[in-house]
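The values are calculated or read from the model by the stated rules, or taken from the named source; none is laboratory data. Note that this is a predicted model, so its numbers are computed, not measured. Note that we place each Cβ from the backbone using ideal geometry, even for glycine, and neighbour counts take in every protein chain shown.
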Amino acid sequence: MSTRGPVLRVEDLHVWFDLPGGELHAVQGVSFELHAGERLGLVGESGCGKTTSILACIGLLPPNASVAGRVYLNDRDILEGGESTVAPHRWKDVAMVFQGAMNAFNPVKRIGDQIAEPMELHRTAKGRAARTRVVELFEMVGIAPERVDRYPHEFSGGMRQRAAIAMALACNPQVLLADEPTTALDVMVQAQILELLVQLSEELGLALVLVTHDLPVVAQTCGRAAVMYAGRMVEDGATTDLYHDPKHPYTRLLFSATPDLYAQEHIVSIPGVPPRLDRDIVGCPFQPRCDRAFAPCPTIAPPFVTVAPRHAAACHLNDVALERTQ
Ligand code: SF4
């Protein structure tokens, strides 16, 4: 970890969607920070707010979304003025690799031209210089430079994902947000793409946020992990600490629900479903599914507090005084 301040700091982020049936509070007070070269895995079940959180950071939510909170890029709040303050940083300083690379590219435009677009938009390179940079990016992500003029359908799934990473790196960003970048790839290609992301993060000092529901992917790739549940962050710490000493029952159950080829134990599924986010939640949102719930859980929402150096969690079990009174 760098001794300098965080390159990305998200503070008390909230996102609401205005839907025909009412308001849905998809992200509820998410905070995290990331230093140069650091890799954070954002994990949790589908619908917990992982993707919405990172899309909010880069100002890419649909028009029916409202955002509150602060997203600092090197101490400057890029959400402060809405689109006018976030747009100059999108792709240039904070870039994104989307889920499903086929959908990220226009099928009727050559891949090389599409990768040059962010450079032309931000005027970091144009014409021949942009093409030279595309070739350099292709080499960086392991694609033969002669493929520059090919169309997306002429690339395999893994190759397209590499091209999507090349496009994200085009303007030399400081932060890379990757949304399930290996979903739909076979395990061999998945391992190659993850290895590439780690290598690029180390070589370029890129801060990486990796959104996934796959804990082994996080263990393989990220030094830190943050667990989300029902739009909230429930635990954040070193990946090894979360694995060996989880401070939230949901984190423990998530790891228990992950298949391990060598372990003798049975896989444990988590009973029940997450709460609806279009309704107010009283108490701990995990309480109806929690095997450790006790008296305060149905009525008092647990605060997100530091439980060890660089390790925080939102669970009453970490409040020794409160637990002893029960
Ligand atoms: Fe379980 Fe209570 Fe902790 Fe929530 S606060 S995770 S219900 S023990």
Kindly state which helices (runs of 4 or more DSSP H) lie completely within segment 42-108 and contain at least 2 residues that are more than 30 Å from P275 (Cβ to Cβ).
83-86, 101-104
Quick one: count up the residues across segment 1-19 that are over 20 Å from the mean Cα position of the chain (by Cα) and either at pLDDT 95 or above or in a strand (DSSP E or B) (or both).
2
Here the residues within segment 239-287 that are polar (S, T, N, Q), more than 19 Å from T299 (Cβ to Cβ), within 16 Å of the ligand (Cβ to nearest atom) and modelled with pLDDT of 90 or more are T251
Output the residues belonging to segment 52-79 that are crowded, with 19+ Cβ neighbours inside 10 Å and closer than 24 Å to A36 by Cβ.
S53, I54, L55, A56, C57, I58, G59, G69, V71, L73, I78, L79
Could you say whether any residue in segment 61-69 is of a type outside the set (V, I, T) and within 16 Å of the chain's Cα centre (by Cα)?
yes
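Quick one: which residue in G127, G100, G157 is over 19 Å from P173 (Cα atoms) and touching a Leu at 6+ places or on another chain (Cβ under 8 Å)?
Working: G127 fails: touching a Leu at 6+ places or on another chain (Cβ under 8 Å); G100 fails: touching a Leu at 6+ places or on another chain (Cβ under 8 Å).
Answer to the selection: G157.
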With segment 164-247 as the region, which strands (runs of 3 or more DSSP E) entirely inside it contain at least 2 residues that are over 24 Å from P309 (Cα atoms)?
175-179
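Take T221 and tell me if it is away from the ligand (no atom under 16 Å from the Cβ), within 23 Å of R9 (Cα to Cα) and in contact with a Cys (Cβ under 7 Å, 6 or more places away or on another chain). Working first, answer last.
Values: away from the ligand (no atom under 16 Å from the Cβ): yes; within 23 Å of R9 (Cα to Cα): yes; in contact with a Cys (Cβ under 7 Å, 6 or more places away or on another chain): no.
No: the conditions fail for T221.
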Starting from segment 283-296, keep only residues that are closer than 10 Å to Y250 by Cβ, then list their pairs with residues that are near the ligand (Cβ under 8 Å from one of its atoms) and among the aromatic types (F, W, Y) whose Cβ atoms are within a distance under 6 Å, requiring at least 6 positions of separation or different chains.
F286/Y250
Do you know which of the residues in segment 154-168 that are surrounded by fewer than 22 Cβ atoms within 10 Å (Cβ to Cβ) and of a type outside the set (D, E, K, R) is farthest from K109 (Cα to Cα)?
G158
